[in-house]
Amino acid sequence: AQTVTQSQPEMSVQEAETVTLSCTYDTSESDYYLFWYKQPPSRQMILVIRQEAYKQQNATENRFSVNFQKAAKSFSLKISDSQLGDAAMYFCAYRSIYSGAGSYQLTFGKGTKLSVIP
Amino acid sequence: EPEVTQTPSHQVTQMGQEVILRCVPISNHLYFYWYRQILGQKVEFLVSFYNNEISEKSEIFDDQFSVERPDGSNFTLKIRSTKLEDSAMYFCATTRDSQTREFFGPGTRLTVL
């Protein structure tokens, strides 16, 4: 079974600065997807960024980028030019590409609570 | 952007009562999921549903839980006899196939008294 570990329960960043959230995972699969989700106080799950393991290029979405190190099984999220609206819980998640059972569920880490200081 | 809807947004029930949580998936999606998030904890997989049957379930999904898609549109999660520890946020998520992203509903907050 796959596991996802987020070792930073809480992080803080000054507005306009850059912060990096860490995530490591364990799997025996060679192809898979990795995700970062944002959960604001409303508790809605918002997809931030997605990475395909078979792509060497790190995914980017505007101010959000990842550092994907497949051999190290590491998947960190970098938020540049942090804004007050970035304050939220961030979850790292793993998903298999292949499933004999017809299920492609997400496995989540425990999350990192990000605070943005004005 | 298409969206998954869930009703109700908040449900309060007494311990031992049955509750049904409803989800309307995106119309061309084939894979449906329920996740649970106890307050302050991580999001946990409960069950997946494909081709009108359960494809996988977690150890959390015991005999008190059931899912169905009674009318081809709604996807429901039933908890037969609620316990205090069932208090949580329940998210429905759907995907079209193995390559596309999940779309999450806004969640139903279940409070068991």
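Just so you know, all these numbers are worked out from the coordinates, no wet-lab data involved. Fair warning: this is a prediction, and the values are worked out from it, not measured in the lab. Cβ sites come from the backbone with ideal geometry, for glycine too, and all protein chains shown count toward neighbours.
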(message) Suppose every Lys and Arg Cβ carries +1 and every Asp and Glu Cβ carries -1, with no other charges. What dipole size does chain B come out with about its Cα centre, to the nearest 20 debye?
(response) 220 debye
(message) Counting only other chains, and only Cβ atoms inside 10 Å, what mean value do you get across the residues of A:94-105?
(response) 6
(request) Quick one: pull the percentage of alpha-carbon pairs in the protein assembly as shown with a separation above 27 Å. (result) 35 percent
(request) Could you tell me what % of all Cα pairs in segment A:15-106 have separations over 21 Å? (result) 32 percent
(message) Suppose a student asked you for the relative contact order of chain B, using Cα pairs under 8 Å spaced at least 6 residues apart; what percent would you report?
(response) 38 percent
(message) I need to check one value: relative contact order of segment A:12-118, counting alpha carbon pairs closer than 8 Å and at least 6 residues apart, in percent.
(response) 35 percent
(request) For B:LYS83, go through the aspartates and glutamates and keep the ones whose alpha-carbon is under 12 Å away, minus same-chain ones fewer than eight residues off. (result) B:GLU18
(message) Between segment A:34-81 and segment B:1-64, what is the separation of their alpha carbon centroids in Å?
(response) 25 Å
(request) Give the shape of chain B as rounded, prolate or oblate, defined through the alpha-carbon gyration tensor: a ≥ b ≥ c are the square roots of its eigenvalues, a/c under 1.5 means rounded, and otherwise the shape is prolate if a/b is larger than b/c and oblate if not. (result) prolate
(request) Within 10 Å of each residue's Cβ, count the other Cβ atoms and sort B:GLU56, B:GLU1 from fewest upward. (result) B:GLU1, B:GLU56
(request) Please turn the phi angles of segment A:78-95 into ³J(HN,Hα) values with the Karplus equation 6.51 cos²θ - 1.76 cosθ + 1.60 (θ = phi - 60°), one per residue in order, whole Hz, x for glycine and proline. (result) 10, 10, 9, 6, 4, 10, 4, x, 7, 4, 4, 8, 10, 10, 8, 9, 10, 9
